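Contents: one structure, followed by commentary.
The values are calculated or read from the model by the stated rules, or taken from the named source; none is laboratory data. Remember, predicted model here, so these are calculated numbers, not experimental data. Reconstructed Cβ throughout: ideal geometry from the backbone, glycine too, with neighbour counts over all protein chains shown. Areas reflect the complete protein model, heavy atoms only, side chains present, ligands, DNA and RNA absent. Shrake-Rupley method; radii C 1.70, N 1.55, O 1.52, S 1.80 Å.
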Amino acid sequence: MSVKTLDVIRKRLEERPDELRRARENGLKVVGWVGYNVPEEIIHALGFIPVRIAVGGDDRLVEIGARYASSKTCVFIREIVGAFAENKDPYIQQTDILAFDATCLQNYRAAEVIEYFFKKDVVVLAVPRNFHLDEAKEYFAHEANEFTRLLEERAGAPLDSARLAESVALYNDIRKTLKSIYTFQASKNNVISWEEVYDLIQAGELLDKREYLSLLTQTLDELKERQHYPVIASDDGDSRIFLSGSLIPRGDRKLISIIKSVGGRIVGDDLWSGILPHLDLDIKEISPAGVALGYLNRTPHAALPYLDLESDRRLKKLQECLSQFKAQGVIYHTLRYCDPFTFKAKETKNVLAKSGIPLLEIHTEYAGSDYEAMKTRVEAFVEMIKIKSEIAEEQSVLVDA
Amino acid sequence: MGKQLFRYSEANKEKFLESDNITFNDGSTVSPEEIWHYLTEEAPVKYPSAFEVNLYQGNRGSRDETLPTSLKTRYLGLTFSARMEKAKDNGKSIAFIQGGQAVDPYTAADTIALRPGLVNQWNNGLEYGNDINKENLRRKKSKEKAFHDMSFEACQTGGYEHVQAGDLRIDVIAPYTVLRCSDISYGVEAHRHGPKKNVKLLNVDYPLRYQADKPWAIEYFAQNLRRLVNTLDEVTGRKTSEDDLLKAIKLHNTGRRLGTELAELWWSADVPPTNSDDRASMVSLGNLEVHGDVQASLSVLKEAKKFIAERVKNGVKGHAVADNPKRLFILGSCVGINGSRSEDAGAIVVGRDDQWSHCSSLVEEEGDPYYNLAKATLEYPYEQSIEKRAQWTIEQIKKSRADGVIFIHNWGCNTQAAISRPIVDIIKRETGIPTYIHERDLHGLRDEQEQNRVNAFVEML
């Protein structure tokens, strides 16, 4: 089920590091960003080239990162720190400025450690824990203005409102197109897989935004041509898996490949590194505060504590996605020392159990040593879902008869 | 064969009886005679584990019999659980808080504020007659329950297991969140899925990154403090005024000043006037929250300063301290090293950043008390950037004339572990003092492996 535009995107990704190098030689600056609430439109509108710094899957870099940020830091952050220490990643090499947010405290610590050891120019956006309260939003608006001021200093020019409006419109179009594409992967007789869409989403973290939108539009056109009316429904023998939990960045495909290898079909995710950040982003006002509040008002990140289980928007969004994508089970991925998600694993399992959705927690790191153990557990889970759906199908046939 | 238990010597009784009463929040007092009776008759029966002579105890548990403060802090520690139960029976409100924060707003709102260590202490004291190993097993068991309900990677569980099991009557979980630790905020959140729905939950949102210089951040934290006081008032049914907060700030400033003066007096001595544990327990009185009773802490603190001044003047050396001990400064999470065994190895702990950072942060008394408290809190040295925190720490190391620095963090304490290396890096670079980073398990007895590293470091010094 090859989608031709995806090949173009893969090729453009290979060319991107050189392209960034040339852009920098021509005086442009690259801002590497890390986090969940970094308002990328502001970076873009200031004339910087935004790239997301998100690498995973390399336990050698994790080991290097631990020398600087301790072995008790989450695997993802350790790998990022390790990648800065090694300085061989082409995107890290091309980064002039780093923009972090303090959504996750470990992310914030990474900013401090990278600033200290590798002498990087780091700008941090503080994020309130009580994100849903009015006073927290007012505080965050101030922080967004301060974040913009620090970036303006580095850009050598103030933020232009018209350019910000253009960037917001561009990013809105990207988000809208991604959402449309995402529907295709979960459909019956799908011509694009979730894995391909996931790679496509992550390609947008690196490519030029205008070109990316154009490639997304081409992808969507191609999909529409091949599948006129995508209907989200099971194919025979499907085991529809939803991925939740800790992020799965570029370079880390261990769990995804295991699910595929045992016959599971991923049909959706609410990962920080997947579709979730692109959903429900409503920018009501063209200003730094307006953009930042749009980010804060999305489905909150698990690192931001919310004290009422019944009205938790993160859990509601998960349930909404499970229903939308007709998922039959959740694989909840937690990374070593990723507290925002490990603390919530059992709770999420209990919440979903009420609606009959099983959840399997896979706690892992970037070493390969747990591959077979993970595979055994995932295989049993996928098999269980298949048997459950076969039984359900048999029962419905009996009822119909 | 029974365990060997420590007993206070009658030879020191007479001098102890000349010391002051302890006065409590409710105006009641306890006399030295009553304290002596408790420590020598009641406590060894109730809490044999506390009197067990055991290498892995973690501290000497006040073995400096000639220092009355040592016995009094011991008394307050051993009666803690019973006092909290009594406070609850009398309708007092109790809040769970974070370690490393001041408790001025809780005092103003007539609420006892207990940090994680104190919540555990309350629970530990509910069962009598255990030896040290039984006590340890009991603690491990309850932690396992909490790890199961939260995460096995939690560095500490903040009393979740005790509160949700209904073992402790805590009314409100309201810590300053992400101050020094992220697990606390996830721990607060975890209560939302527990069976005890009547426990109020609140995040007092402590913002990060250069916040003390930002007026909007100070205002935001001040609003959080107002929300905190309103929440505490909902529990107590009273109305806390700004004047109540100002009075609490003044009271706590008195404690902070006394704590600081006492620490500086201790540092000024040619020979250490107490051992490591007595130094720590006296200085931490400055925050006034350590025994769950502000007035009791203050009365013991006032008297302690007098005793230490006398010892410094007369050149008295603390109990069991070696001649010319190697002076260690401890950084990092809310844990320390085994004081008594480190002293046996020829060292003494002369300071820590934990508990000291906020003790040394006075609050302005003129103007809006919420704003002033918020500003002082955002200025805690421990919570500043790597460079700024390291510079403050270097000042403390110099004042205390430390020979070596240990950055110690709990297993799973991501927030402190992550910056341990840069902090010690700066200290080593700017002072030339040897440092090392040490990881320990918060839940368990102090083991040989841990002590081997400390002893090797002391030997190297």
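Rounded if a/c is under 1.5, else prolate if a/b is larger than b/c, else oblate: which is the range A:211-330, with a ≥ b ≥ c the root eigenvalues of its Cα gyration tensor? Could you put the intermediate results ahead of the total?
Details: a/c = 1.77, a/b = 1.24, b/c = 1.42.
In terms of gyration-tensor shape, oblate.
Answer with one residue from B:SER70, B:SER299, A:SER161: the one whose Cα lies farthest towards the positive end of the charge dipole of the protein assembly as shown, charges on Cβ with Lys, Arg +1 and Asp, Glu -1.
Highest projection toward the positive end goes to B:SER70.
Ranked highest first by average number of other Cβ atoms within 10 Å, how do B:118-130, A:156-168 line up?
Ranking the peptides B:118-130, A:156-168 by packing returns B:118-130, A:156-168.
Pull up all non-local amide H partners of B:VAL405: gap of 5 or more, or a different chain, and H-to-H distance under 5 Å with H placed in the peptide plane.
Distant-sequence amide H within range of B:VAL405: B:PHE329, B:THR435, B:TYR436.
Straight-line reach from B:LYS302: which aspartates and glutamates have a Cα under 17 Å away, not including same-chain ones fewer than 8 places off?
B:GLU18, B:ASP20, B:GLU261, B:GLU264, B:ASP278, B:GLU289, B:ASP293, B:GLU310
At what distance in angstrom do the alpha carbon centres of the range A:53-86 and the range A:351-401 lie from each other?
So the separation of the two Cα centres works out to 32 Å.
Do me a favour and compute the ellipsoid semi-axes for the range B:90-240 from its Cα gyration tensor, root of five times each eigenvalue, largest one first, whole Å. Please report the intermediate quantities before stating the final value.
Details: eigenvalues 155, 68, 36 Å².
So the equivalent ellipsoid measures 28, 18, 13 Å along its semi-axes.
What figure, in Å² to the nearest 10, do you get for the accessible area of A:GLU115 with a 1.4 Å probe and non-protein molecules left out?
Result for A:GLU115: roughly 50 Å² accessible.
By average Cβ neighbour count within 10 Å, what is the ranking of A:8-17, A:216-225, B:326-335, B:90-99 from highest down?
In decreasing order of mean packing, A:8-17, A:216-225, B:326-335, B:90-99 become B:326-335, B:90-99, A:216-225, A:8-17.
Counting only residues 5 or more places away or on other chains, whose amide H sits under 5 Å from the amide H of A:ILE266 once H atoms are built in the peptide plane?
A:ILE241
Using a 1.4 Å probe and counting only protein heavy atoms, how much accessible surface gets buried when B and A come together, both sides summed, in Å² to the nearest 100?
4600 Å²
Compute the relative contact order of the range A:231-400 as a whole-number percentage, counting only Cα pairs closer than 8 Å that sit 6 or more residues apart in sequence.
Relative contact order, the range A:231-400: 28 percent.
Farthest toward the dipole's positive end in the protein assembly as shown, which of A:HIS278, B:SER276, B:GLY166, given Cβ charges of +1 (Lys, Arg) and -1 (Asp, Glu) about the Cα centre?
So the residue furthest toward the plus end is B:SER276.
Roughly speaking, to the nearest percent, how much of the protein assembly as shown's 1.4 Å accessible area is carbon and sulfur?
49 percent
Taking only protein heavy atoms and a 1.4 Å probe, what accessible area per residue, in Å², does the range A:341-401 have with all protein chains in place?
Value for the range A:341-401: 58 Å² per residue.
May I ask you to derive the relative contact order of chain A, considering only C-alpha pairs under 8 Å and at least 6 residues apart, and to give it as an integer percent?
So the answer I get is 19 percent.
Dividing the convex hull volume of the alpha carbon atoms of the range B:322-461 by its residue count, what do you get in Å³ per residue? Kindly include the intermediate steps, with their values, before the conclusion.
Numbers: hull volume 17.2 nm³, N = 140.
Dividing the Cα hull volume of the range B:322-461 by its residues yields 123 Å³.
Using the Cα centre as the reference, give the magnitude of the dipole from point charges on the C-beta atoms of the range A:223-330 (Lys, Arg: +1; Asp, Glu: -1; all else neutral), rounded to the nearest 20 debye.
340 debye
Rounded to whole Hz and in sequence order, give me ³J(HN,Hα) for the range A:161-171 from the Karplus expression 6.51 cos²θ - 1.76 cosθ + 1.60, θ = phi - 60°, writing x for Gly and Pro.
Karplus-based 3J(HN,Hα) across the range A:161-171 equals 4, 5, 5, 5, 4, 5, 5, 4, 4, 4, 5 Hz.
State which entries of A:LYS88/A:LYS349; A:LYS72/B:LYS72; A:LYS72/A:LYS179; A:LYS260/A:LYS349; B:LYS134/B:LYS305 exceed 28 angstrom in Cα-Cα distance in the structure shown.
Too far apart for the 28 Å limit: A:LYS88/A:LYS349; A:LYS72/B:LYS72; A:LYS72/A:LYS179; B:LYS134/B:LYS305.
Who wins for biggest fluctuation among A:PHE184, A:PHE140, A:PHE117 in a Gaussian network model of chain A, springs between alpha carbons below 10 Å?
Result: A:PHE117 has the largest fluctuation of those listed.
Would the range A:16-159 count as rounded, prolate or oblate if I go by the C-alpha gyration tensor, calling it rounded below 1.5 in a/c and otherwise prolate when a/b exceeds b/c, oblate otherwise? Each step should come with its number before you reach the end.
Numbers: a/c = 2.23, a/b = 1.12, b/c = 1.99.
Cα axes put the range A:16-159 in the oblate bin.
Considering the dipole of the protein assembly as shown built from charges on the beta carbon (Lys and Arg +1, Asp and Glu -1) around the Cα centre, which of A:LEU28, A:VAL191, A:ALA111 is farthest to its positive end?
A:ALA111
What nm distance separates the two modelled labels at B:LYS428 and B:LYS196, each placed 7 Å from Cα along Cα→Cβ?
Here the answer is 4.4 nm between the modelled labels.
I'd like the mean, over residues of A:128-135, of how many other protein chain beta carbons sit within 10 Å of each residue's own Cβ. Working shown, then result.
Working: counts 9, 13, 10, 1, 0, 6, 1, 9.
What the average comes to for A:128-135 is 6.
Averaged over peptide B:414-426, how many Cβ atoms belonging to another chain are found within 10 Å of each residue's Cβ?
6
Just how much of A:ASP199 is accessible, in Å², when a 1.4 Å probe is used and the result is rounded to the nearest 10?
80 Å²
Sorted from largest down, what three extents in whole angstroms do the Cα atoms of the range A:231-400 have along their principal axes?
57, 45, 29
When the Kirkwood hydrodynamic radius is evaluated over all pairs of different C-alpha atoms of the range B:12-81, what value in angstrom, to one decimal, is obtained? Before the final figure, lay out the partial values.
Values: mean 1/r = 0.0785 Å⁻¹.
Evaluated on the range B:12-81, it is 12.7 Å.
List the residues whose amide H sits under 5 Å from the amide H of A:HIS363, counting only those 5 or more places along or on another chain, with H placed 1.01 Å from N in the peptide plane.
Those qualifying (amide H under 5 Å, at least 5 residues apart or on another chain) are A:THR334.
Report, to one decimal in Å, the Kirkwood hydrodynamic radius for chain B based on all distinct Cα pairs.
Here the Kirkwood hydrodynamic radius works out to 22.4 Å.
Got a sec to turn the phi values of the range B:352-361 into Karplus ³J(HN,Hα) couplings, 6.51 cos²θ - 1.76 cosθ + 1.60 with θ = phi - 60°, whole Hz, x for Gly and Pro?
Here the 3J(HN,Hα) series is 9, 7, 5, 6, 8, 4, 7, 5, 8, 9 Hz.
Every cysteine in chain B with no other Cys Cβ under 4.7 Å from its Cβ, please list them in numeric order.
When partners are defined as cysteine Cβ atoms under 4.7 Å apart, chain B leaves B:CYS181, B:CYS334, B:CYS359 without one.
With +1 on each Lys and Arg Cβ and -1 on each Asp and Glu Cβ, and nothing else charged, work out how big the dipole of the range B:260-341 is about its Cα centre, in Debye to the nearest 20. Intermediate results must be reported in sequence, preceding the final value.
On the way: 10 positive and 10 negative charges, 51 e Å.
That gives the range B:260-341 a dipole magnitude of about 240 debye.
Using a cut-off of 14 Å between beta-carbons, work out the net charge of the residues near A:GLU320 (Lys and Arg +1, Asp and Glu -1, A:GLU320 not included). Before the final figure, lay out the partial values.
Details: positive: A:LYS179, A:ARG298, A:ARG313, A:ARG314, A:LYS316, A:LYS317, A:LYS326; negative: A:ASP269, A:ASP270, A:ASP280, A:ASP312.
Summing Lys/Arg as +1 and Asp/Glu as -1 gives +3.
Partner chain Cβ atoms within 10 Å, averaged over the residues of A:341-350 - can you pull that number for me?
Average neighbour count from other chains, rounded to a whole number: 4.
Given N residues in the protein assembly as shown, what is its alpha carbon radius of gyration divided by 2.2 N^0.38 Å?
For the protein assembly as shown, the normalised Cα radius of gyration comes out at 1.01.
Would you kindly derive the ³J(HN,Hα) couplings of the range B:379-393 from the backbone phi angles with the Karplus curve 6.51 cos²θ - 1.76 cosθ + 1.60 (θ = phi - 60°), listing them in order in whole Hz, with x for Gly and Pro?
Per residue, the Karplus-derived 3J(HN,Hα) values read 8, 3, x, 4, 9, 7, 4, 3, 4, 5, 5, 5, 5, 4, 5 Hz.
Around B:PRO369, with a cut-off of 13 angstrom between Cβ atoms, what is the net charge of the other residues, counting Lys and Arg +1 and Asp and Glu -1? Provide the component values of the computation, followed by the final result.
Details: positive: B:ARG226, B:LYS247, B:LYS250, B:LYS375; negative: B:ASP104, B:GLU242, B:ASP243, B:ASP244, B:GLU364, B:GLU365, B:GLU366, B:ASP368.
Taking every Cβ under 13 Å from that of B:PRO369, the sum is -4.
Using a ≥ b ≥ c from the Cα gyration tensor of the range A:339-389 (square roots of the eigenvalues), is it rounded, prolate or oblate, where a/c under 1.5 gives rounded and otherwise the larger of a/b and b/c decides, a/b for prolate?
Since a/c reaches 1.5 but b/c is at least a/b, the shape of the range A:339-389 is classed as oblate.
Is there a quick way to get the dipole size of chain B? I mean about its Cα centre, with the Cβ of Lys and Arg at +1 and of Asp and Glu at -1; what is the value in debye to the nearest 20?
Dipole magnitude for chain B comes out near 460 debye.
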